[in-house]
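Working notes, beginning with the structure itself.
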Amino acid sequence: MAPSPVTPLLLTAGTPGLTPELLFSASCSVQRRLSDRCNSGGSSGKTAVVRSGGNTGGRAKSPTAKEVSVASVLIAGCGYVGTSLGLELLGAGHRVWGLRRNPSQLPAGFAPIAADLSSSDLASLPRGMDHVVYAASADDSSEAAYVKAYVTGLGRLLSALETAGLRRFFFISSTAVYGQTEGQWVDEDSETTPTSFSGVRMLEAERLLEGSGFPFTILRCSGIYGPGRTRLIDSLRQGTATSSARFTNRIHRDDIAGAIVHLLGSSDAPQRLLLSDDEPAPEQEVLRYLAGLLGVPEPQLSTGSSAGPQRGGLKRCRNTRLHATGYRLRYPTYREGYAAMLAPQPHPEPKP
């Protein structure tokens, strides 16, 4: 006999006593009746749908994560970074809601919420969250997409959240907010004068959060890489890579997740934190290392390619404050990160 279809769990904004604990309990109860199984602490296959215009209803623990009480965490824009973070949180025993337009592919254990941050009715989001992580990304590289994802979406979520009880709002921003282009070192206190629309819009979003009244931490991430993000690797294998002397900065996806889990246990998390690894490196050095791992020719340095505007800018990111929080990077440089990506994987992750 075919199994009964799993229908979305509808959450109604006016339902009294709609706490995270009750929602997880209800989700698990329904799922047990449908499939005789339920993930501990999460809802497997039950989607909390947020409809526009109407009421609607394993990864190991970070080695540096502090022991904290069980928290309820909403990850808004639960995609490449957010899913990795959610798995870490679940592994640490927390309750996790993952909000995205199509949450059907979220791993088991998440309480999925189907919503578009830029247009859906967010009034019926679950109440009583301890932490919110805004991890949305733009649909494309246009300014309109940046406005939609980082300004409109963030502003609408901030307006929908209840003001009482939220311990901290984490916003995944970008080092594009820095406009330095001469190889200068930048940190959390450096001047933010972005020259690209991506940096301008990210900074606009940061200002929204700063004026919201919520306790917050803005995470300015350098270039995010990790499993499934193989642009440099593919270009080397295909012989299309171009090399330059410009400085590049990066942070592994799993170090973003690990740092957030670590900060959940801190009562004095900084308001701004630059997330980047220990070694800003010229692009040519990174490509030389990767070419050696792959056994392919190193691309030639392009004359004059180190000059001119680039998204992210020609700067070097200093992570002193990150280390001061007590977090220990899993991938301190590009070497450890790319070596892990190229190691044989029994179950490789799909490209994001």
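The values are calculated or read from the model by the stated rules, or taken from the named source; none is laboratory data. Being a predicted model, the structure only gives us computed values, none of them experimental. Glycine gets a Cβ as well: all are built from the backbone with ideal geometry, and neighbour counts include every protein chain shown.
Might you check whether a residue that is crowded, with 24+ Cβ neighbours inside 10 Å, at pLDDT 95 or above and closer than 16 Å to R156 by Cβ occurs anywhere in the range 81-91? The answer is no, given that none of the residues of the range 81-91 is crowded, with 24+ Cβ neighbours inside 10 Å, at pLDDT 95 or above and closer than 16 Å to R156 by Cβ.
Annotation: D255 fulfils all but one of (1) under 18 Å from the mean Cα position of the chain (by Cα); (2) surrounded by fewer than 24 Cβ atoms within 10 Å (Cβ to Cβ); (3) within 20 Å of A269 (Cβ to Cβ); (4) not hydroxyl-bearing (S, T, Y); the unmet one is (2). Only a single criterion out of (1) at pLDDT below 95; (2) within 15 Å of the chain's Cα centre (by Cα) is not satisfied by S267, namely (2). Looking only at residues in the range 195-212 that are surrounded by fewer than 18 Cβ atoms within 10 Å (Cβ to Cβ) and over 21 Å from the mean Cα position of the chain (by Cα), which one is nearest to Y134 (Cα to Cα)? Ranking the candidates gives G211 first. S267 meets all of the listed conditions (1) part of a helix (DSSP H, G or I); (2) exposed (fewer than 15 other Cβ atoms within 10 Å of the Cβ) but one, namely (1).
Condition check ((1) closer than 15 Å to F170 by Cβ; (2) touching a helix residue (DSSP H, G or I) at 6+ places or on another chain (Cβ under 8 Å)) across all residues:
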position	(1), (2)
G199	no, yes
A205	yes, yes
L208	yes, yes
F214	yes, yes
R220	yes, yes
T230	no, yes
D234	no, no
S244	no, yes
T248	no, yes
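Selection of the range 230-247 for residues being part of a helix (DSSP H, G or I) and buried (at least 17 other Cβ atoms within 10 Å of the Cβ) yields L232, I233, L236. Would it be correct to say that R220 is within 25 Å of Y80 (Cα to Cα), part of a strand (DSSP E or B) and charged (D, E, K, R)? Criteria met by R220. For the range 168-194, a residue qualifies if it is surrounded by 15 or more Cβ atoms within 10 Å (Cβ to Cβ) and either assigned to a loop (DSSP other than H, G, I, E, B) or of a type in the set (D, E) (or both), and the qualifying residues are Y178, G179, Q180, T181, G183, D187, E188, S190, T192, P194. Scanning the range 123-153 for residues that are surrounded by 23 or more Cβ atoms within 10 Å (Cβ to Cβ) and either modelled with pLDDT under 95 or β-branched (V, I, T) (or both) yields S124, L125, V132, V133. For the range 293-324, the set of residues classified as part of a loop (DSSP other than H, G, I, E, B), under 19 Å from I224 (Cβ atoms) and modelled with pLDDT of 80 or more consists of L314, R318, N319, listed by residue number. Residue-level check: of (1) crowded, with 21+ Cβ neighbours inside 10 Å; (2) in a strand (DSSP E or B), L287 misses just (2).
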